[in-house]
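One structure is given below, encoded as structure tokens.
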Amino acid sequence: MTIRRKYPTQAKPDSGMTLPELLVAMIISTVVIAIGVSLLSQTFRVAASTQTRAELWSSMTNSSIQLIRDVNDGTKIVTSEPRHLAVQVVRDGRCQTRDWQVDGDRLVSTTTFYDAPSCTGGSTERKVVAIKGNLKSFTFTYYSAASVDSELPAPVSPGVVNRVGWTMSATPTDTTAVLRLESGAAFTGRGASTDGGGATQTPLAAFLSVTTNASGIEGVSAPILSWTDATPELTQGWAVYRTSYPEGSDASSSSTGWEQIAYLRTATPAPGTMTYTDRTLPRGYTGLYVVRATVPDGYGPSSNQKATGLRPSPSSTLTTTGAPSTIELSWTAPRGATGYDIYRSETGSPAPILYRTSDDIKGSAKRSGTGDAVRWTWTDPLAAGHAHTYSVVPVNRWERLATTSSQTGSLPIGEALARAYSGTTSTTRTAPRAASPLSGAFTAPARPERAVLDLSSRSSATDYRSTVAWTPAPWVGGGPEVATDGQGHRDRGWAAERRGSAWEAVWAAETPRTTTVRTDAGTEPDITYGYRTRTVNGSGASAWAAEARILQRPAVPDSPTIALSGLTTRQATVRAATSPSATAWEIGMTTTAGSPAMRGVRDADANRRAVYDQLTHSSSNAWRSRSTNIPPTGVSGGGTSAWGATDSITTDRLRVWLSDGSKTTLSVSARLNTEGGSSASVTRSGITGVVGAETQGSYGGGQAHIFRPLPHNTSYTLTGDLTDGYNNVSDSATITTDRLSVWLSDGSATTRSVSARLHNLNGSSASLTVEGHQTQPSLGGGQLHTFGDGHPGLTHNTGYTLTARLTDGFNHVSYQDVIRTLEFLPPRVAFDSITTRSARAWADCGSAAGCAVVGPDGRELLSGSTWNQLSDDSWHDFQGVASDGWNRVTTRASARTLRLVAAPPSCSMTGGGDSPGSATISAWGGSGGYEYSPARVRTGLGPGSYGGAARSTVSDGYNSSASGWVSCGSVTVTDPYPTPWGGSAPAGCPYPGTYITPASPRTWQVRRASVATCELRWLVTAAGEAPGRPAGMVEGAGVYSVGSGASAYTRTSGESGPMGPLVGG
């Protein structure tokens, strides 16, 4: 069949890759990367145990990849034998012969390189060992266009082959697991490229792969096949072929051989990528697939061969059977299982986790039956005391791929059974492993704990029974308490043995687990017994527990004999009788409630004496004794006999009393008397916040005890205490200290002093104080005390606090009273003989010792004194002063002097005339003297008008007064000649700076000219006479003609307008 391609191909160098080759390389790369990631994802333990496995699997997959490329690129098959394949390939323009041959457990690749495109002429050879060992089998199978679904029988003619398949298996050196790999490739004979130039071509072979969709997991979900169509324009449909067999066998065991399982009709042109889901592949089976296109005149070449499969179904039954130190597992074998992973519960993890992998149990698991009745058994070697729940997961390479992403991988020990896996690709789906139902069992129990023996439950001193308590050992493994195999509870019951002289069963029947404590009534006194227990269940009995020993109490001894000696107020010495077999003794009081019993080990000299202390004085006490049997180390039990007869005695008397009590204001005292005892004391009670309690040790026998210092007028309790170290007796007496008192009477006062009398009751020292002033000691008894007669005195009209104080050296009492001094009244002040310059002042001080007046000048003079040199018509301040020798009081008063007045005079002025002139003032009348302004006579006056004034004056010898100024008129002095106008101008010319206008006043003219003309210049002023010109600018110059007449003046040159201010002349 020859078909012209729609799109002619462009010839390429032999070194290039065709589109199918590129796709193959990409898919192969993805597979290799996935394998690498899978290997890296293993735990350390698994990685360590599968390192050789990984290396072997890598060499198998690499060899398969090279074979696919060689067959796809081949131009001629030279050798086609079951264990030998040779293919000619043109690469990089040179021919190569790729020779693959099985050599024992190795696969060897030999490449012969030729120098020409044809495989003739000179050549070189290179040999590579592709798989270096451990090959278990390797077989090439061949197919033709006419036998796509069945392999060609040997011998095979190379010329008819259009597809090559191969199957290899290997066993790594570190495990018994078998690694299998099936693959194949289409052979077209066209080589690695087309012939170029648009030559007619046959359809190209498709490249087949297994894929998964978003919810698929390879090995779990139905296989999804995917392939590429290199010539879609020629394709009319696709035939899908499969041969399948249970995993663990090979393709030759297939019951159907190669068969077409589907035909997919396509549109024209066909899609570039096709997929098909095989939903008929059984669980546990491996399927080998090829596809080929149907074209208008028949079939295209077969695709490469692709293997995939499904994990086995779970084992339908799992039984577990316990034995004394093992648990046996038995399960049905589903089709396609090549091994089994064992999951087991552990202590603290009741949910099963991976315990043993299929590699771990491969040599120890046993197979029985044939066909669908195959069963496997495996025994878990354990110790007693194990209970576990198990599950079995059947394993094949597709199950490994779904869980570890590698057909050769193993999960790490400890992986949870409940974990779900997503396979080799990213998917939204996860799936747990296909596990059997759970089943649990247990071994015989572990040795129980040492029995707990007890005698406490005995009802009387003659009860010699023992109680035995059984405690089962804890279990290992988190398994069931009740087995699923019908063996009942794992701690079903227990048994016990007792040894006196030999071991014998305590009870004939097994004791159920619900009863953990039992009583043994077959024992006698004074004997040491041994006990041991063991636990029993359906898998067997545990080892006997360690022996526990118990000593029975002794028999009731004879009545003891008690000797009494060493009697005091608190002690008695008791001697007990005891039997010869006793190891200890005990003496107890029977008549005093709560008294402790004395216990002790018998001394070597048999001195069984005990001293009872802390007995109540003057009391009767009784004792009794009994024997005790103390067990040796490592033995429990022992006991005490019944109590013997009693004996009693009365302790000595303990007495104390007080006598001869006495007191002062600050002390109390008494005598202490005693009878018996070892320690005595007298305690005075205290007053909270004032004085604490006080205790004095005492010898007794009437010893006097004084307590001081104490607060006065206070009752105290004196308590005498006596003790023998345990008993305590006391006697009390109440004594009140004497009273301490002070008070004042007969209080009196003057304006500067106060007085009072001080009285007292008891005490040793007294005083009287005027607070803030003075303290005087006092003899008391009504002594009069005066304060303020001397210096310092007291302030008049003031209340003073008088405090009387009294003490006995410890206690202090006081009394206060307030006495006010008399009020000292201020004097009255009066004046007479007042003039313009003096006044006399009088002070009325009554009966005061001192009386005076202080004047305006600050001088203090006697009443009736006169003050001179006072200002007239003014108020003057005076003070009247009175004194009692300490206090001083004053009164303020003012007096006004008379006014001193001067009468105004009459006056006039004379003088005047031409300059130089004069002016004279004349005054008359008024008060006497006169004053002139500015002067009475003035001469040499220049031209002008001159005025004057006058006033009269008067004096009283200290004050003086003047009238108001009176105007006296004025006189005029005239100037007969003009005055030069100053500066550098000639006489008669205006002074620089003077304004001159046509309307200048007459004062600018002269009555008699000394010059004819004045040369002038004039400026622009700030008033701005010349618009637009700055102020100060010289505006013009000219000549001013001075005439002789009253108004004859002109400007002979220059501009009109103001001529000024003038600058120079």
ask   = When you go through Ser244, Ser254, Ser345, Ser303 one by one, which is the residue that is modelled with pLDDT of 85 or more, more than 55 Å from the chain's Cα centre (by Cα) and surrounded by 18 or more Cβ atoms within 10 Å (Cβ to Cβ)?
value = Ser244
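What are the residues in region 679-689 that are modelled with pLDDT under 80 and either buried (at least 17 other Cβ atoms within 10 Å of the Cβ) or under 27 Å from Ser618 (Cβ atoms) (or both), if any?
none
Results for (1) touching a Cys at 6+ places or on another chain (Cβ under 7 Å); (2) assigned to a strand (DSSP E or B); (3) within 17 Å of Arg840 (Cβ to Cβ), shown as yes or no for each residue.
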| residue | (1), (2), (3) |
| --- | --- |
| Pro856 | no, no, yes |
| Asp877 | no, yes, yes |
| Thr891 | no, yes, yes |
| Pro904 | no, no, no |
| Cys907 | yes, yes, no |
| Gly926 | no, no, no |
note = If we keep only residues of region 224-241 that are touching a strand residue (DSSP E or B) at 6+ places or on another chain (Cβ under 6 Å) and not in a strand (DSSP E or B), then the residue surrounded by the most Cβ atoms within 10 Å (Cβ to Cβ) is Thr235
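Identify all residues within region 286-300 that are surrounded by fewer than 22 Cβ atoms within 10 Å (Cβ to Cβ) and either at pLDDT 90 or above or in a strand (DSSP E or B) (or both); write none if there are none.
Of the residues in region 286-300, the ones surrounded by fewer than 22 Cβ atoms within 10 Å (Cβ to Cβ) are 294-299.
Matches in region 286-300: Thr294, Val295, Gly298, Tyr299.
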key: Count - residues of region 632-645 that are more than 60 Å from the chain's Cα centre (by Cα), touching a residue at least 60 places away in the same chain (Cβ under 8 Å) and not in a strand (DSSP E or B)   = 4
task = Would you mind listing the strands (runs of 3 or more DSSP E) fully within region 90-138 where at least 1 residues are without any contact (Cβ under 8 Å) to a residue 24 or more places away in the chain and among the hydrophobic types (A, V, I, L, M, F, W, C)?
result = 106-114, 123-131
Residue match in region 430-453 (condition: part of a strand (DSSP E or B), touching a residue at least 40 places away in the same chain (Cβ under 8 Å) and over 28 Å from Pro334 (Cα atoms)) = yes
ask   = If you go through region 819-836 one residue at a time, do you hit one that is touching a Pro at 6+ places or on another chain (Cβ under 9 Å), part of a loop (DSSP other than H, G, I, E, B) and closer than 29 Å to Thr795 by Cα?
value = no
Meets criteria (touching a strand residue (DSSP E or B) at 6+ places or on another chain (Cβ under 8 Å), surrounded by fewer than 17 Cβ atoms within 10 Å (Cβ to Cβ) and aromatic (Phe, Trp, Tyr)) for Trp507 = yes
ask   = Looking at this structure, is Ser302 in contact (Cβ under 8 Å) with a residue 60 or more places away in the chain, more than 21 Å from Ser410 (Cα to Cα) and in contact with a Ser or Thr (Cβ under 6 Å, 6 or more places away or on another chain)?
value = no
ask   = Any residue in region 474-486 that is of a type in the set (Phe, Trp, Tyr), more than 28 Å from Arg344 (Cα to Cα) and out of contact with any helix residue (DSSP H, G or I) (no Cβ under 9 Å at 6 or more places or on another chain)?
value = no
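Would you list the strands (runs of 3 or more DSSP E) that sit entirely within region 672-714 and hold 3 or more residues that are free of Cβ contacts under 8 Å to residues at least 24 places away in the same chain?
Working: elements: 679-684, 694-698, 703-707.
Ranges flagged: 694-698.
Condition test on Arg465, is it surrounded by fewer than 21 Cβ atoms within 10 Å (Cβ to Cβ), at pLDDT below 90 and either more than 30 Å from Leu318 (Cα to Cα) or within 60 Å of the chain's Cα centre (by Cα) (or both)?
On the way: surrounded by fewer than 21 Cβ atoms within 10 Å (Cβ to Cβ): yes; at pLDDT below 90: yes; either more than 30 Å from Leu318 (Cα to Cα) or within 60 Å of the chain's Cα centre (by Cα) (or both): yes.
Considered against the rule, which asks whether it is surrounded by fewer than 21 Cβ atoms within 10 Å (Cβ to Cβ), at pLDDT below 90 and either more than 30 Å from Leu318 (Cα to Cα) or within 60 Å of the chain's Cα centre (by Cα) (or both), Arg465 comes out as yes.
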request  = Output the number of residues of region 863-900 satisfying the condition of being over 17 Å from Phe824 (Cβ atoms) and not hydrophobic (A, V, I, L, M, F, W, C).
outcome  = 16
request  = Run down Ala949, Ala962 and say which single residue is surrounded by fewer than 19 Cβ atoms within 10 Å (Cβ to Cβ) and closer than 30 Å to Trp875 by Cβ.
outcome  = Ala962
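Conditions (1) over 30 Å from Gly284 (Cα atoms); (2) in a loop (DSSP other than H, G, I, E, B), marked per residue:
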| residue | (1), (2) |
| --- | --- |
| Pro472 | yes, yes |
| Thr484 | no, yes |
| Asp491 | yes, yes |
| Glu497 | yes, no |
| Thr535 | yes, no |
task = Select, from Thr628, Thr665, the only residue that is in a strand (DSSP E or B) and among the β-branched types (Val, Ile, Thr).
result = Thr628
task = Out of the residues in region 509-531 that are among the hydrophobic types (A, V, I, L, M, F, W, C) and modelled with pLDDT of 90 or more, state the one that is nearest to Leu551 (Cα to Cα).
result = Val517
key: Any chance Gly423 is touching a strand residue (DSSP E or B) at 6+ places or on another chain (Cβ under 6 Å), more than 26 Å from Pro350 (Cβ to Cβ) and surrounded by fewer than 23 Cβ atoms within 10 Å (Cβ to Cβ)   = yes
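Report whether or not Glu504 is assigned to a strand (DSSP E or B) and without any contact (Cβ under 8 Å) to a residue 24 or more places away in the chain.
When the stated conditions are applied, Glu504 passes them.
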ask   = In the set Gly692, Gly676, Gly725, which member is over 30 Å from Ser765 (Cα atoms), surrounded by fewer than 19 Cβ atoms within 10 Å (Cβ to Cβ), of a type in the set (Gly, Ala, Ser) and out of contact with any helix residue (DSSP H, G or I) (no Cβ under 8 Å at 6 or more places or on another chain)?
value = Gly725
ask   = Do we find a residue being modelled with pLDDT of 90 or more and acidic (Asp, Glu) anywhere in region 874-894?
value = yes
inquiry  = I want to confirm something. Restricting to region 348-372 and keeping residues that are within 55 Å of the chain's Cα centre (by Cα) and β-branched (Val, Ile, Thr), which single residue is nearest to Pro437 (Cα to Cα)?
reply    = Ile353
task = May I ask you to list the residues in region 610-657 that are surrounded by 16 or more Cβ atoms within 10 Å (Cβ to Cβ), out of contact with any Ser or Thr (no Cβ under 6 Å at 6 or more places or on another chain) and charged (D, E, K, R)?
result = Asp647
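Does region 29-44 contain at least one residue that is at pLDDT 85 or above, outside the structural domain of Tyr299 (by TED's automatic domain parsing), under 30 Å from Gly272 (Cβ atoms) and surrounded by fewer than 19 Cβ atoms within 10 Å (Cβ to Cβ)? Full working, then the answer.
Taking region 29-44 and keeping what is at pLDDT 85 or above, we get none.
Within region 29-44 (the criterion being at pLDDT 85 or above, outside the structural domain of Tyr299 (by TED's automatic domain parsing), under 30 Å from Gly272 (Cβ atoms) and surrounded by fewer than 19 Cβ atoms within 10 Å (Cβ to Cβ)), the answer is no, since none of the residues qualifies.
Has region 738-760 got any residue that is of a type in the set (Phe, Trp, Tyr), assigned to a loop (DSSP other than H, G, I, E, B), touching a residue at least 40 places away in the same chain (Cβ under 8 Å) and surrounded by 14 or more Cβ atoms within 10 Å (Cβ to Cβ)?
Applying the first criterion (of a type in the set (Phe, Trp, Tyr)) to region 738-760 yields 743.
Then drop every residue that is not assigned to a loop (DSSP other than H, G, I, E, B), which leaves none.
The answer is no, given that none of the residues of region 738-760 is of a type in the set (Phe, Trp, Tyr), assigned to a loop (DSSP other than H, G, I, E, B), touching a residue at least 40 places away in the same chain (Cβ under 8 Å) and surrounded by 14 or more Cβ atoms within 10 Å (Cβ to Cβ).
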inquiry  = All but one of (1) of a type outside the set (Phe, Trp, Tyr); (2) farther than 22 Å from Pro155 by Cβ; (3) free of Cβ contacts under 8 Å to residues at least 24 places away in the same chain; (4) surrounded by 20 or more Cβ atoms within 10 Å (Cβ to Cβ) hold for Ala86; state the number of the condition that does not hold.
reply    = (2)
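The values are calculated or read from the model by the stated rules, or taken from the named source; none is laboratory data. A quick note: this is a predicted structure, and the numbers were derived from the prediction, not measured. Please note: Cβ atoms are built from the backbone with ideal geometry, for glycine as well, and neighbour counts cover all protein chains shown.
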